[in-house]
Protein chains: 2
Amino acid sequence: MERITATYYIETPLDPEKAAAVLAGEQSSGTFIAVPGETEELKQRFAARVEKVTPLETVTTPAMPGAASPNGQYHRAEIQVSWSIENFGYNLPVLTSTLQGNLYELRQFTGLKLMDIELPASYAQHYKGPAFGVKGCRQLTKVENRPLIGTIIKPSIGLTPEQTAEMVKTLAGAGIDFIKDDELLSSSANSSFKGRVDAIMKVINAHADATGKKVMYAFNISGEIDEMLQRYEYIVKSGGTCAMVSINSVGMAGVKKICDQRQLAIHAHRNGWGMQTRHPLLGIDFRAYQKLWRVAGVDQLHVNGIQNKFWESDDSVVASIKALQTPFYDHESVLPVVSSGQWGGQAPETYRRTNTVDLLYMAGGGIMAHPMGAAAGVVALQQAWQAAVDGLSVEQAAAKYKEFSESVRQFGKK
Amino acid sequence: MERITATYYIETPLDPEKAAAVLAGEQSSGTFIAVPGETEELKQRFAARVEKVTPLETVTTPAMPGAASPNGQYHRAEIQVSWSIENFGYNLPVLTSTLQGNLYELRQFTGLKLMDIELPASYAQHYKGPAFGVKGCRQLTKVENRPLIGTIIKPSIGLTPEQTAEMVKTLAGAGIDFIKDDELLSSSANSSFKGRVDAIMKVINAHADATGKKVMYAFNISGEIDEMLQRYEYIVKSGGTCAMVSINSVGMAGVKKICDQRQLAIHAHRNGWGMQTRHPLLGIDFRAYQKLWRVAGVDQLHVNGIQNKFWESDDSVVASIKALQTPFYDHESVLPVVSSGQWGGQAPETYRRTNTVDLLYMAGGGIMAHPMGAAAGVVALQQAWQAAVDGLSVEQAAAKYKEFSESVRQFGKK
């Protein structure tokens, strides 16, 4: 019978073997009291199993409140626990409750982070994965051999649909591939969802008619289920190609329902993610997180960016991109969304460390505030990526490309 | 115009006033670039506003990775930030992204916890709150003037529907008010959802026909949207009164959709909650958390219990119960679900500190492992609560009540 295996990074005042056993007990059958004639069989079949315990460092200050250590020592370890697929079958919320449910409440742990999961082969049949993924998003935007270049419209909240559409027009004219709503904007007092779709798709459709290129716009449909479905339909009817969902805020059941429609590329915004991963000994690592959302079927997923303005280290960003590059069943690859403080200067380092152009590379000021205008801003980003692929440094790229050299002058100071 | 106010507990290497301004900027309009003629008006209308900054202690070790302090000092503070309802209107996922989205990514914070939120008056018109709540759950179970006594069937996973129904029969005969599925069990290889509903509701309906009392059984419907709705309908058709949802795993959009059906009491299981709250300087406090789920319309919500087996302190449990006791619009009150290591011995302390019997009091071993049998176990719990209300101590209650005294002998050692 297929099993699902989870790897946790733990800290515990107990012997890690014992702590692992507590976790396995809590997250499966609980106490096995006698059920006539079946106890051992039940246990074999449904109990979670500790597969491996790898002791790591011992520390004297616990990472989080929990049971006190009698000798002042807290042991860190990597543990692997597995469950039979028979326990939950194909049910992502119950899988989530199994992998990351009450176990975080256990006083036996002063640190607990879900690092990775191994999902069974049969998930490939049950779950279709991204309807578009890298390949589909490239086809929709007609971008080959370089990252999709994207941007977000600022101010994030406050513009009317007409003002937003005016910016979209400028950006489309500048050669942008992708534009997105802010995650804080879905339908606001002066930018109703439909009003925004109407105004923007008019511009995008006209641009597509004129040039053959349809800019992908990620409209933020995040909301309640019926509302999301109605908005989704409205985008489809209006000729749009993408919908954005704040996956943590909407939740797994809602996101899965949206992905299942399979008519639009789903831009998965992970806002709230910092809460889940920022502490080194609490929550979830991106390796595990991205697998759950790939099963759900998102097409694009945020990974932050090299030299970002947030807390995340470059190593962590690179690991996230590599996680998304790792093949997952025969599913389409998910497009990593690189953003936060990006202006093109990070392209060489991003490419050097990930060796891929299968990215959605988002820049804000790098485009709109380019000294030679937005069109030059887009060109500069394309140049940055060409230079990156050619193995040039930022300095070499600046020497070679006029528009990019202006970016370096404008944004390269910090 | 109505505003929503959030209170955060923060830690920052910056002046807290400055950090608060960064948060407000990130979580609303972002950078305001010049939009002809409207910049100041836009700002007034849509920018988040720092309402209050209360400096607290300063520490020299940051709680989490973030920006380093040049002088080695990290300042803690309580800050209040507000948003106009115009930014999102009535959209719980976007509200969530606003209150607890990208702000956790900000390097300017080495600690950030959402402590409380104030929601606008108009939410009372838009959101109906619990369809049943305390009053409705009491009516459905015909329990007055004492907590509902509940239990969970063990082993959590592994029993067949028939074995489960057999236990339900025993428990119903013992006078139990409420029984629930484990959160890890929805539909497993040897307990299909429908099979379990069929077997259990046959017992519960027969018991109700014979005695006039219908035991409330919380079937775990957690799953994808369509699946949850089908399971919900099946419970309704079968004469059930309650459905359980793992709220964090299903997510806000899915839970709201289920609550909106308003035919069954919704038992909200908060597994995964430890991840969101366990670190003192990361995540969300229950005060804020419970408000979001009350808006969504859950009827029962877990709060852990006094002297529980998990990490949570008694003070934290009491604060959670009090949060749920706090009136919220004209909504029905949510029934706090007290569980984890409860056997009745905690009733006097629970009552002394919360002064309420509007609780769903869950005991496992305290019922099934009672020396005189399950019926005596249920009676012992009722006695414990009568004693609690009468102001008796555990010792005094044991002297007065036979069944409870046996509980003390059996479970009172640890």
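Laid out as a table, the results:
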item: Odd one out for B:V22, checked against (1) in a loop (DSSP other than H, G, I, E, B); (2) within 11 Å of chain A (Cβ to nearest Cβ); result: (1)
item: Residue match in segment B:305-317 (condition: among the hydrophobic types (A, V, I, L, M, F, W, C), more than 21 Å from B:M216 (Cβ to Cβ), outside any loop (DSSP other than H, G, I, E, B) and modelled with pLDDT of 95 or more); result: yes
item: Qualifying residue in segment A:222-243 (condition: part of a strand (DSSP E or B), facing another protein chain (nearest Cβ under 8 Å) and buried (at least 24 other Cβ atoms within 10 Å of the Cβ)); result: no
item: Test: residue in segment A:334-351 that is surrounded by fewer than 21 Cβ atoms within 10 Å (Cβ to Cβ), at pLDDT 95 or above, more than 16 Å from the chain's Cα centre (by Cα) and closer than 23 Å to A:Y8 by Cβ; result: no
item: Enumeration of residues in segment B:160-215 that are among the hydroxyl-bearing types (S, T, Y), in a loop (DSSP other than H, G, I, E, B) and modelled with pLDDT under 95; result: B:T160, B:S186, B:S187
item: Any hit, segment B:318-328, residues being within 12 Å of chain A (Cβ to nearest Cβ) and either buried (at least 22 other Cβ atoms within 10 Å of the Cβ) or at pLDDT 95 or above (or both); result: no
item: Number of the condition not met by B:G391 [criteria: (1) in contact with an Asp or Glu (Cβ under 6 Å, 6 or more places away or on another chain); (2) on the phi > 0 side of the Ramachandran plot]; result: (1)
item: Some residue of segment B:88-108 being within 14 Å of another protein chain (Cβ to nearest Cβ), at pLDDT 95 or above and touching a Pro at 6+ places or on another chain (Cβ under 7 Å); result: no
item: Residue in segment B:132-153 that is in contact with a helix residue (DSSP H, G or I) (Cβ under 9 Å, 6 or more places away or on another chain) and modelled with pLDDT under 95 present; result: yes
item: Residue check, B:Q386 in the same structural domain as B:Q300 (by the TED database) and surrounded by 24 or more Cβ atoms within 10 Å (Cβ to Cβ); result: no
item: Filtered residue count, segment A:376-414, keeping only those that are polar (S, T, N, Q) and assigned to a loop (DSSP other than H, G, I, E, B); result: 1
item: Criterion: surrounded by 24 or more Cβ atoms within 10 Å (Cβ to Cβ) and at the interface with chain A (Cβ under 7 Å from one of its Cβ atoms) - qualifying residue of B:L282, B:L264; result: B:L282
item: Top-ranked residue in segment B:90-105 [being among the hydrophobic types (A, V, I, L, M, F, W, C) and touching a residue at least 40 places away in the same chain (Cβ under 8 Å); ranked as farthest from B:E118 (Cα to Cα)]; result: B:L103
item: Qualifying residue in segment B:206-214 (condition: touching a residue at least 24 places away in the same chain (Cβ under 8 Å) and either touching a Pro at 6+ places or on another chain (Cβ under 8 Å) or within 12 Å of chain A (Cβ to nearest Cβ) (or both)); result: no
item: Segment B:166-199 - residue that is among the aliphatic types (A, V, I, L, M), more than 13 Å from chain A (Cβ to nearest Cβ) and in contact with a Lys or Arg (Cβ under 9 Å, 6 or more places away or on another chain) and, of those, surrounded by the most Cβ atoms within 10 Å (Cβ to Cβ); result: B:A172
item: Considering residues of segment A:237-249 that are under 14 Å from the mean Cα position of the chain (by Cα) and of a type outside the set (S, T, N, Q) only, the residue farthest from A:Q108 (Cα to Cα); result: A:M244
item: Identity of the residue in segment B:245-261, surrounded by fewer than 24 Cβ atoms within 10 Å (Cβ to Cβ) and charged (D, E, K, R), that ends up nearest to the other protein chains (Cβ to nearest Cβ); result: B:K257
item: Those residues of segment A:273-312 which are among the hydroxyl-bearing types (S, T, Y) and more than 11 Å from the chain's Cα centre (by Cα), in sequence order; result: A:T277
item: Residue under evaluation B:N71, criteria (1) of a type outside the set (K, R); (2) in a strand (DSSP E or B); (3) more than 14 Å from chain A (Cβ to nearest Cβ), criterion not met; result: (2)
item: In segment A:102-135, the residues that are surrounded by fewer than 18 Cβ atoms within 10 Å (Cβ to Cβ) and either of a type outside the set (D, E, K, R) or farther than 27 Å from B:N248 by Cβ (or both); result: A:M115, A:P120, A:A121, A:S122, A:A124, A:Q125, A:H126, A:K135
item: Given (1) more than 21 Å from A:T356 (Cβ to Cβ); (2) part of a loop (DSSP other than H, G, I, E, B), number of the condition A:G283 does not satisfy; result: (2)
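The values are calculated or read from the model by the stated rules, or taken from the named source; none is laboratory data. All of these numbers come straight from a predicted model, not from anything done at the bench. Every residue, glycine among them, receives a Cβ derived from its backbone with ideal geometry; neighbour counts consider all protein chains shown.
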